[in-house]
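Only one structure is covered here, and it is reproduced in the block below.
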Protein chains: 2
Amino acid sequence: MTRHIGIFLFDGVEELDAVGPWEVLSHWTKRFPEDGFGVSTVSKDGKHVLASKGLTLGAHHSFADAPHYDVFLHPGGPGTRILMRDTGHLDWVQRQRVKTPLMTSVCSGALVYAAAGLLENRPATTYWNDVALLAELDPTISLRTQDRYVDDGDLITSAGVSAGIDMTLHLVRRLAGPDRAREVRRGIQYDPEPPV
Amino acid sequence: MTRHIGIFLFDGVEELDAVGPWEVLSHWTKRFPEDGFGVSTVSKDGKHVLASKGLTLGAHHSFADAPHYDVFLHPGGPGTRILMRDTGHLDWVQRQRVKTPLMTSVCSGALVYAAAGLLENRPATTYWNDVALLAELDPTISLRTQDRYVDDGDLITSAGVSAGIDMTLHLVRRLAGPDRAREVRRGIQYDPEPPV
């Protein structure tokens, strides 16, 4: 029986917030189906979304036909500025929280979680430029701005954009062990050498 | 007058090969339009493509309506196994080479360049698992398998998947200077910490 990981897509999602984790998780689940996980994307209506920088990304599911998720990932991007004030979306996130063992976010996805009350009295991180806003949305959050990601059990938040790659490699380690995570890292040749 | 950077999309393109560079380059060009560059995606017929792991990615242009490119980027992915034997595509790549000042590749995109004769007697790199095939396609290539990317003037090749992020940060540095590249790096919070 496959356990499902869902990556949420929305207009204004930051491209790498979603596709970095997608690459890590889909590489893992397609190459090692014996681990019993699958990953797919989901948008509210199941249609394509127009991401932050103008790239169109396709969704596999709508909210209505989405599978039950064992892990849910909420990326960030400029679109979160709307979602964090969208009571319909916040209600949906709260309902996901109740039934999903592990909720994760990348970048400003944490703003939406904070607005939905998911981060109350929890340690968390976000994109460096959104730290003040996160604290404003929920002053009870214990900010960990130096961390690449913060694993707090049933909740993992990560820093900005590219940090989603590190967070999801950690997720593979947590769900399938360090050897598997190293195989995925090798598979995407993730030996980063920022040239500047 | 805007100078154009084109990212090629095709069925079986590896998602992060294309979207890592897209994030770097679109972040740069949208935030700093004064630098005079723009980036867009292009597929043969201008339609969406189904990428390697099952994500749909949208193209902004077809070959027929594409702008003149100053920089062209050929990603890799399983789809290159077909493209490297597709004489129509190889002809198109050769015509691009003639009119494009800077041709770049990520991952197994180098296999297509090799098959089109672009790498003859040049230093180059590719995905770690494709090194033997690259050497077989063109034994005159000087392989640089330890390099994250190889800048040979009018041609830049890079290692696998995630290496496209490093290569395009180098590209921003080359086209707009190190300070700009550092701003883009900060913008995508690219302070990688692989957890395994």
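Bear in mind that the values in this text are calculations on the coordinates, not laboratory data. Remember, it's a predicted structure, so these values are computed and weren't measured experimentally. No Cβ is skipped: glycine too gets one built from the backbone with ideal geometry, and neighbour counts run over all protein chains shown.
Some notes on this structure:
- Under the Karplus curve 6.51 cos²θ - 1.76 cosθ + 1.60, θ = phi - 60°, whole-Hz ³J(HN,Hα) for region B:113-129, x wherever Gly or Pro sits: 4, 4, 5, 7, x, 6, 9, 4, 6, 10, x, 7, 9, 7, 4, 3, 7
- Mean separation of Cα contacts under 8 Å (6+ apart) over length of region B:3-187, as relative contact order %: 22
- Ranked for footprinting exposure by Cβ neighbours inside 10 Å, fewest first, B:T104, A:T29 give A:T29, B:T104.
- Globularity index of region A:88-196, i.e. its alpha-carbon radius of gyration over 2.2 N^0.38 Å: 1.12
- With 10 Å bins beginning at zero, the pair-distance distribution over Cα atoms of the protein assembly as shown amounts to 5, 25, 34, 24, 10, 2, 0 %.
- Net charge of neighbours whose Cβ lies under 10 Å from the Cβ of A:V150, counting Lys and Arg as +1 and Asp and Glu as -1: 0
- Built amide H within the under 5 Å cut-off of A:S52, gap 5+: A:G12, A:V13, A:E14, A:E15
- Under the Debye formula (equal points on every Cα, no solvent term), log10 I(q)/I(0) of region A:3-187 at q = 0.10, 0.16, 0.19 Å⁻¹: -0.34, -0.91, -1.32
- From helices alone, the protein assembly as shown scores -11000 deg cm²/dmol at 222 nm; the rule is -39500 (n - 2.57) for each run of n ≥ 4 DSSP H residues, then divide by the residue total.
- Scalar couplings 3J(HN,Hα) for region A:94-106, obtained by applying the Karplus form with A = 6.51, B = -1.76, C = 1.60 to θ = phi - 60°, are 5, 5, 4, 4, 4, 9, 10, x, 9, 9, 10, 9, 10 Hz; x denotes Gly and Pro.
- Subset of A:K99/B:K53; A:K53/A:K99; A:K99/B:K47 violating a 30 Å alpha-carbon distance limit: A:K53/A:K99; A:K99/B:K47
- Other-chain or far-sequence residues with amide H under 5 Å of B:L155's (modelled H): B:M103
- Ranking of A:Y127, A:Y69 by count of other Cβ atoms within 10 Å, fewest first: A:Y69, A:Y127
- Estimated vicinal HN-Hα couplings, Hz - region A:69-81 in sequence order (Karplus 6.51, -1.76, 1.60; Gly, Pro = x): 9, 8, 9, 10, 10, 9, x, x, x, x, x, 5, 4
- Gyration tensor (alpha-carbon) shape descriptor, region A:137-196, a/c threshold 1.5: oblate
- Listed by Cβ neighbour count within 10 Å, with the fewest neighbours leading, A:I7, A:I156 appear as A:I156, A:I7.
- Among A:F37, A:F72, A:F63, the residue with the largest mean-square fluctuation in a Gaussian network model of chain A, with springs joining Cα atoms closer than 10 Å, is A:F63.
- Once you reduce region B:158-179 and region A:1-78 to the center of their Cα atoms, the two points are 26 Å from each other.
- Where both bridge residues fall in the protein assembly as shown, DSSP classifies roughly 20% of the beta bridges as antiparallel.
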